[in-house]
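K.L.:
Quick one: structure below, then a few questions.
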């Protein structure tokens, strides 16, 4: 059974240690998010990436903030309203049904979520469904080794498995970067849907 994040720990999703270990702007720069992209922030939580991504894509783009937990969406809706943000749209989803139209996003970001998914191929096929032809995917995950922070090693997904699964789902131009001692990023492009 996959490890699932406990929604009662949502305060852990944004704290100084996480900001140091998971630097949002560095990641958004590394993955190549740009103005006017439509981004699916899959497993958005309380919007750790959604808000900075909304700044990057600007008023001509849209962030779809997707989560399966109603408490996360409610918290994010509250923060969107408080900050008067108009380019983030929250979506309460199911794990294998993102409730977005086919070909509706140019970029999909899946950060520290894949290790929680039972059927990763089904999940990645659903991600593929919502991407446009030429769309991009970025998976940020825990490096599969012991560390002083994060889920147990047995719950982590090795980067070689993520690369293979993206290839198996039809993604190309697969690349890998080690972000730091905790996280890696695997990117891919969806050509010829």
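K.L.:
Restricting the count to DSSP beta bridges whose residues both fall in segment 7-190, what percent are antiparallel, rounded to a multiple of 5?
P.N.:
Given both bridge residues lie in segment 7-190, the antiparallel proportion sits at roughly 40 percent.
K.L.:
State, to one decimal in nm, how far the label point of residue 86 lies from the label point of residue 167, with both points 7 Å from Cα in the Cβ direction.
P.N.:
Calculated label separation equals 4.6 nm.
K.L.:
Between 60, 87, 25, find the one with the highest GNM mean-square fluctuation for the chain; connect C-alpha pairs within less than 10 Å.
P.N.:
With Cα springs under 10 Å in the chain, the top fluctuation among 60, 87, 25 is at 60.
K.L.:
Extending each Cα 7 Å along its Cβ direction at residue 104 and residue 70, get the distance between those two points in nm, one decimal.
P.N.:
Placing both labels 7 Å along Cα→Cβ, they lie 2.0 nm apart.
K.L.:
Fewest first, what order do 111, 169, 44 take by the number of other Cβ atoms within 10 Å?
P.N.:
169, 111, 44
K.L.:
Residue separation times 0.36 nm, minus the C-alpha to C-alpha distance between residue 148 and residue 35: what's the value?
P.N.:
Stretched fully, the residue 148-residue 35 segment lengthens by 37.1 nm.
K.L.:
If you take the beta carbon distance between residue 125 and residue 178 as r and set R0 to 35 Å, what does 1/(1 + (r/R0)^6) give as a FRET efficiency, to the nearest 0.05?
P.N.:
0.85
K.L.:
Let me ask something else. Using the count of nearby Cβ atoms within 10 Å as a rough guide to exposure, how do 80, 174 rank from fewest to most?
P.N.:
174, 80
K.L.:
Between residue 160 and residue 96, take the C-beta separation as r, use R0 = 35 Å, and let me know the FRET efficiency to the nearest 0.05.
P.N.:
Step by step, r from the Cβ atoms, then E = 0.90.
K.L.:
Moving on. Only counting other Cβ atoms within 10 Å, I'd like 69, 164 sorted with the fewest neighbours first.
P.N.:
Placing the least packed residue first, the sequence is 164, 69.
Where a number appears in this text, it was derived from the coordinates with a stated rule and is not lab data. Owing to the predicted nature of the structure, the values given are computational and were not obtained by experimental measurement. Cβ: placed from backbone, ideal geometry, glycine included. Neighbour counts: every protein chain shown.
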